[in-house]
1. Given the structure, is S164 under 30 Å from A54 (Cα atoms), in contact (Cβ under 8 Å) with a residue 12 or more places away in the chain and surrounded by 12 or more Cβ atoms within 10 Å (Cβ to Cβ)?
2. For A124, all conditions in the list (1) of a type in the set (G, A, S); (2) farther than 18 Å from D107 by Cβ; (3) loosely packed, with under 12 Cβ neighbours inside 10 Å; (4) over 25 Å from the mean Cα position of the chain (by Cα) hold save one; what is the number of the exception?
3. With the requirement that a residue be within 17 Å of P212 (Cα to Cα) and either over 33 Å from the mean Cα position of the chain (by Cα) or not aliphatic (A, V, I, L, M) (or both), what does the range 148-179 give you?
4. So Q145 ticks every box in (1) within 30 Å of the chain's Cα centre (by Cα); (2) loosely packed, with under 12 Cβ neighbours inside 10 Å; (3) of a type outside the set (D, E, K, R) but one. Which box is left unticked?
5. For S182, state whether it is assigned by TED's automatic domain parsing to the domain that holds T129, under 23 Å from the mean Cα position of the chain (by Cα) and either within 24 Å of Q199 (Cα to Cα) or of a type in the set (S, T, Y) (or both).
6. When you check T94 against the structure, is it among the hydroxyl-bearing types (S, T, Y), loosely packed, with under 10 Cβ neighbours inside 10 Å and under 25 Å from I125 (Cβ atoms), yes or no?
7. Just to be sure, is D88 exposed (fewer than 10 other Cβ atoms within 10 Å of the Cβ) and either out of contact with any His (no Cβ under 8 Å at 6 or more places or on another chain) or not β-branched (V, I, T) (or both)?
8. Identify, from the list T119, T80, the residue that is within 27 Å of the chain's Cα centre (by Cα) and of a type in the set (S, T, Y).
Amino acid sequence: MATKHTSAKRVLIDKTNTSVVIITSVAAFVVAFSLIAGKALISQAAYQNRVISAEKKTLAQVKSNIVVAGNLQHTYQAFTSTAQNVIDGSSDGTGPQDGNNADIILDALPSSYDFPALTNSLEAILTSTGVQINSISGTDDEVAQSTNTSSTAPQPVAMPFQISVGGDYDAIQKLIGKFEHSIRPFQIQTLQISGDQNQLTMTVSAQTFYQPAKSLNITSEVIK
């Protein structure tokens, strides 16, 4: 009888131990799972907060850009719609001093290298003063400059040239004044004048400029 009673107790103890082990294992699993899931949820919540913060910042910047773009549009329209341009010509005319301000600014500093166009402009300036054109020369660097079409931080690029003209004193003086008041910047490096008041020869080494178009550097950001 004692042996049977002892065996029953042992079986009961074994069952209890087994139950305790199972309960402990389940509890440990639940705790471990909770810790891992909690860490994942906290990490996900932090990521979502960073995303929301970046979205709010981007939205604020977009709203600010829309306001600035609207102001810029109104300013541009006011700048180009004046009856008289910045060089005292007519905005609607077709003369050498005419054209709206936007076109004049583009003519002043072109966005692309075009040496033939420069020689045409020089010829028009020289012809308008009545001087005799002896030569217009320079180095056409179109091949080397063909890749320099845009930049995020554009800088003026020099276009050197040389001219030789002949004429009386008044014509030469008028030509120098044309270069001084031209909307396109001309930087005279050397100037030589020879002859007498009735017939002068002027040789000039100078340079003008063009500036590549500004490109927008639009980037994307990955939130981590």
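1. Details: under 30 Å from A54 (Cα atoms): no; in contact (Cβ under 8 Å) with a residue 12 or more places away in the chain: yes; surrounded by 12 or more Cβ atoms within 10 Å (Cβ to Cβ): yes.
It is false that S164 is under 30 Å from A54 (Cα atoms), in contact (Cβ under 8 Å) with a residue 12 or more places away in the chain and surrounded by 12 or more Cβ atoms within 10 Å (Cβ to Cβ).
2. Going through (1) of a type in the set (G, A, S); (2) farther than 18 Å from D107 by Cβ; (3) loosely packed, with under 12 Cβ neighbours inside 10 Å; (4) over 25 Å from the mean Cα position of the chain (by Cα) one by one, A124 breaks only (2).
3. Kept after step one, since they are within 17 Å of P212 (Cα to Cα), are these residues of the range 148-179: 148-160.
Once the filter is applied, which keeps residues that are within 17 Å of P212 (Cα to Cα) and either over 33 Å from the mean Cα position of the chain (by Cα) or not aliphatic (A, V, I, L, M) (or both), the range 148-179 yields N148, T149, S150, S151, T152, P154, Q155, P156, P160.
4. Tallying (1) within 30 Å of the chain's Cα centre (by Cα); (2) loosely packed, with under 12 Cβ neighbours inside 10 Å; (3) of a type outside the set (D, E, K, R), Q145 fails exactly one: (2).
5. Spelling it out, it is not the case that S182 is assigned by TED's automatic domain parsing to the domain that holds T129, under 23 Å from the mean Cα position of the chain (by Cα) and either within 24 Å of Q199 (Cα to Cα) or of a type in the set (S, T, Y) (or both).
6. yes
7. Working: exposed (fewer than 10 other Cβ atoms within 10 Å of the Cβ): yes; either out of contact with any His (no Cβ under 8 Å at 6 or more places or on another chain) or not β-branched (V, I, T) (or both): yes.
Criteria met by D88.
8. Working: T119 fails: within 27 Å of the chain's Cα centre (by Cα).
Answer to the check: T80.
The values are calculated or read from the model by the stated rules, or taken from the named source; none is laboratory data. A quick note: this is a predicted structure, and the numbers were derived from the prediction, not measured. Virtual Cβ from ideal backbone geometry, glycine too; neighbours counted across all protein chains shown.
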